[in-house]
Amino acid sequence: MKYFFFVFILVLLILGCDNNSKEENTITNNTLSSESNTNSNIQITLTSHDIRSEELVKSELIAKNKAIEDTKQKIEKDKQIEDLKIQAFINDAKVMRSEIELDKYKFNYSDKWELINRSDKSITLQGTDSNFVFNISETPTSQIIDFTSYLIQSSELNLLSKKILSDYVGYIIEAEDKDNNIHKIITMSSVHNELIILSIISSKQNWELNSELFDLTFQSLLANQK
């Protein structure tokens, strides 16, 4: 009987210790979990953006504004350099030092133009987004009106202007094609009773320069009287 009572007391003591251990573990785990949650919240809320000083914010704003201003100045400077390059090219293009002869005719043309085709009756020069053609036609001068009309219609050009040449028998025509290129065409009679045609086709972007080069070339045209 005493032995049974002793065993019963021993079992109660063991169960009591086990419950205390579980409660301590539960308390410890809860405490650790709570501390962990608290630390995690601190890390999330107290970021570097929230603790920046007013001086730091001002310095960043100054640096940003300076970067924007430097970029604007660079863009403007690059544009000025590009404009100078374009103007230098235009000035060089207007030098009419190159000369060419075909049959009984000769004329000067831009140093920026390149001869790409030549025959007994025709010359083709290539420039910046442009092609210049000088052609001696077999059409007699008496048919200049019909020939000019046919030339415009057969080329499917949208006529912009048509003027009579002041110093020659002929026309100067400006027209636009379906690809938005501009054409300038001169049909005129010569002292040799034959029609000659000068024409240029150019992109709209470079039309102002190419049109001027065309006019300078035409002004230099000379025909042998013999």
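The values are calculated or read from the model by the stated rules, or taken from the named source; none is laboratory data. In this text the structure is predicted, and so the values were computed from the model without any measurement. Using ideal geometry, Cβ is built from the backbone for each residue, glycine included, and neighbour counts are taken over all protein chains shown. Just the protein is used for accessible areas: all its heavy atoms, side chains included, with ligands, DNA and RNA removed. Shrake-Rupley method; radii C 1.70, N 1.55, O 1.52, S 1.80 Å.
Some values worked out for this structure:
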| item | result |
| --- | --- |
| Relative counts (whole %) of C-alpha pair distances in region 92-226, using bins that are 5 Å wide | 2, 10, 21, 24, 21, 15, 5, 1, 0 |
| When each of 178/204; 112/162; 184/204 is checked by Cα-Cα distance, pairs over 23 Å | 112/162 |
| Residue 124/residue 208 FRET efficiency (R0 22 Å; Cβ-Cβ; nearest 0.05) | 0.50 |
| Cα gyration tensor shape of region 176-217, rounded if a/c is under 1.5, else prolate or oblate by comparing a/b with b/c | oblate |
| Stokes-Einstein D (µm²/s) once Rh is taken as the Kirkwood radius of region 72-159 over alpha-carbon pairs, at 4 °C in 1.567 mPa s | 79 |
| Where a label projected 7 Å from the Cα of residue 215 along Cα→Cβ would reach, residues of region 100-139 with amide N under 16 Å | 110 |
| Kirkwood Rh (inverse of mean 1/r, distinct Cα pairs), region 108-163, angstrom | 13.5 |
| Accessible carbon and sulfur surface of region 82-142 relative to its total accessible area, %, 1.4 Å | 43 |
| Spatially proximal lysines relative to residue 77 (Cα-Cα < 16 Å; intrachain offsets below 8 disregarded) | 85 |
| 37 °C / 0.692 mPa s Stokes-Einstein diffusion coefficient of region 124-200, Kirkwood radius on C-alpha pairs, µm²/s | 255 |
| Cut-off 18 Å, label 7 Å out along Cα→Cβ of residue 111, residues of region 205-222 by amide N | 210, 213-214, 216-217 |
| Mean accessible surface per residue for region 97-147, computed with a 1.4 Å probe while every protein chain stays in place, in Å² | 56 |
| Net charge of Cβ neighbours under 14 Å - reference residue 72; Lys, Arg +1; Asp, Glu -1 | +1 |
